[in-house]
Amino acid sequence: NAGVTQTPKFRVLKTGQSMTLLCAQDMNHEYMYWYRQDPGMGLRLIHYSVGEGTTAKGEVPDGYNVSRLKKQNFLLGLESAAPSQTSVYFCASSYFLSEKLFFGSGTQLSVL
Amino acid sequence: AQTVTQSQPEMSVQEAETVTLSCTYDTSENNYYLFWYKQPPSRQMILVIRQEAYKQQNATENRFSVNFQKAAKSFSLKISDSQLGDTAMYFCAFMIMNRDDKIIFGKGTRLHILP
């Protein structure tokens, strides 16, 4: 089992560029999440999904969009990247809400 | 809004000692779950321990145990006989059942185990 796979692992963008981060899980999980991790801020929830075709806003959704067209994939988009979006992004999934989260290995994004 | 507070940004202890990491949370709900996650330098997030709020008994996983004080809204993690491999960032997390399906994390405590 691959678990939760995030692509890409590293990316450097210029201000104003767009990009999409892909999260794929092969565990048939219903719940999927996007977090960002910044020094001193912990993990903050950007968007999440409770099933195929659903999305919801988390704590810090501004500047990001998401889609869950297929159950196994959860995409995070940055339409116009800003330096404030420089961060490490983690995708996570779980089958039941109360069960443990399975995390991807993270994406290091730098916006110059 | 629910919040999770970890008041110790960084801690250091000698190998083989016992260390306690604190976590408090704020909610008016009664049915929720609490978690401790570990993030070693590899950056991979690992679940350490999980506690259901309706259970009075404190959860234990080998050298890791929690002190869950529901009335005080406190959920501390105790690591016994600490090992060098315990060096990591530790995050407390919180989730309310049947409400908004979100898992909220604290800001973390960086733990250094010294040889």
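The values are calculated or read from the model by the stated rules, or taken from the named source; none is laboratory data. Since this is a predicted model, take the numbers as computed values, not measurements. Because the Cβ atoms are built from the backbone with ideal geometry, glycine has one as well, and the counts that use them run over all protein chains shown. For the accessible areas, the whole protein counts, side chains as well, though only heavy atoms, and no ligand, DNA or RNA atoms are used. Shrake-Rupley method; radii C 1.70, N 1.55, O 1.52, S 1.80 Å.
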Worksheet entry | Condition broken by B:Ser22, with the remaining ones in (1) in contact with a strand residue (DSSP E or B) (Cβ under 7 Å, 6 or more places away or on another chain); (2) modelled with pLDDT under 95; (3) over 26 Å from A:Tyr95 (Cβ atoms) satisfied | (2)
Discussion item. Cβ-Cβ distance below 7 Å, separation of 6 or more or different chains: which pairs start in the stretch B:25-51 with a residue that is farther than 10 Å from B:Ala88 by Cβ and end on one that is at pLDDT below 95 and among the acidic types (Asp, Glu)?
Written reply: B:Tyr33/B:Glu52; B:Ile49/B:Glu61
Practice prompt. Among residues belonging to the stretch B:85-115 that are of a type outside the set (A, V, I, L, M) and open to solvent by 50 Å² or more (accessible area, probe 1.4 Å), point out the one that is nearest to A:Leu45 (Cα to Cα).
Written response: B:Lys107
Worksheet item: Within the group B:Ser82, B:Ser28, B:Ser76, which residue is over 15 Å from the mean Cα position of the chain (by Cα), open to solvent by less than 30 Å² (accessible area, probe 1.4 Å) and more than 12 Å from chain A (Cβ to nearest Cβ)?
Response: B:Ser82
Discussion item. Given the condition under 23 Å from A:Arg36 (Cα atoms), assigned to a strand (DSSP E or B) and within 12 Å of chain A (Cβ to nearest Cβ), answer yes or no: does some residue in the stretch B:10-19 qualify?
Written reply: yes
Worksheet item: Which residues, counting only those in the stretch B:32-52, are of a type outside the set (A, V, I, L, M, F, W, C), on the phi < 0 side of the Ramachandran plot and either within 10 Å of chain A (Cβ to nearest Cβ) or crowded, with 18+ Cβ neighbours inside 10 Å (or both)?
Response: B:Tyr32, B:Tyr33, B:Tyr37, B:Lys38, B:Gln39, B:Ser42, B:Gln44, B:Arg50, B:Gln51, B:Glu52
